[in-house]
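Beneath this line is the structure, given in structure tokens, with notes to follow.
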Amino acid sequence: YYPTYHDLTVGQARTYFTWRTKIRHNIYEKTSDSYAYIYLYELLNGIGVKNSQEGLEGLISFNKNYAQKFSSEMGTYIERWIRDYLIFYNIDSKTYDSFIKAVSYTHLRPTETLAKLVCRILLERKKTLSYRVIITNSQSEPQ
């Protein structure tokens, strides 16, 4: 489920931005799942936040104040995204122990690069990657 701004009519966009303004002021009201997912995608992509720490805090706050009250299914996704976010941005996970589960993919193996970790995570989840994605990620990685 991947709603985008492009999918919204002008009226829907106005409604979304009004709702998002309330969220940014800690006023959580039930809305369309489409709006909620657009907001989450903004946080995951660093839109409207100063840095990765603020994005993480936004994800945690949204999970607690919105998803856990209005959509437990969404909460399941958010918790997984928070774990991935901690790894991707290399944020000290000790502060966020409640989101880290004791599974093998939460730690890099001794000689493992970040790109190889991502591939392993996806393979463990039985996802597939195209050859092009794997090559692109491995070539863009710092040595």
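The values are calculated or read from the model by the stated rules, or taken from the named source; none is laboratory data. This one's a predicted model, so the numbers in the text were calculated from it and none came from an experiment. All Cβ positions, even for glycine, are placed from backbone atoms using ideal geometry, and neighbour counts span all protein chains on display. Side chains are part of the model used for accessible areas, which takes the heavy atoms of the whole protein and leaves out ligands, DNA and RNA. Shrake-Rupley method; radii C 1.70, N 1.55, O 1.52, S 1.80 Å.
Listed here are the residues, each with its yes/no results for (1) small (G, A, S); (2) at pLDDT 55 or above; (3) open to solvent by less than 100 Å² (accessible area, probe 1.4 Å); (4) under 21 Å from K30 (Cα atoms).
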position: S98; (1), (2), (3), (4): yes, yes, no, no
position: K116; (1), (2), (3), (4): no, yes, no, no
position: K126; (1), (2), (3), (4): no, no, no, no
position: S140; (1), (2), (3), (4): yes, no, yes, no
Here are the criteria: (1) touching a Phe, Trp or Tyr at 6+ places or on another chain (Cβ under 9 Å); (2) within 30 Å of K94 (Cβ to Cβ); (3) not hydroxyl-bearing (S, T, Y). Tell me which single one R20 does not satisfy.
(2)
Residue count for segment 1-47, restricted to those that are of a type in the set (G, A, S) and part of a loop (DSSP other than H, G, I, E, B)
2
Condition check for Y41: out of contact with any helix residue (DSSP H, G or I) (no Cβ under 7 Å at 6 or more places or on another chain), aromatic (F, W, Y) and open to solvent by 30 Å² or more (accessible area, probe 1.4 Å):
yes
Residues that are of a type in the set (A, V, I, L, M, F, W, C), over 27 Å from K22 (Cα atoms), part of a helix (DSSP H, G or I) and modelled with pLDDT of 65 or more: does segment 76-90 have at least one?
yes
Does K50 satisfy the criteria of being at pLDDT 95 or above, more than 13 Å from the chain's Cα centre (by Cα), charged (D, E, K, R) and closer than 30 Å to K116 by Cα?
yes
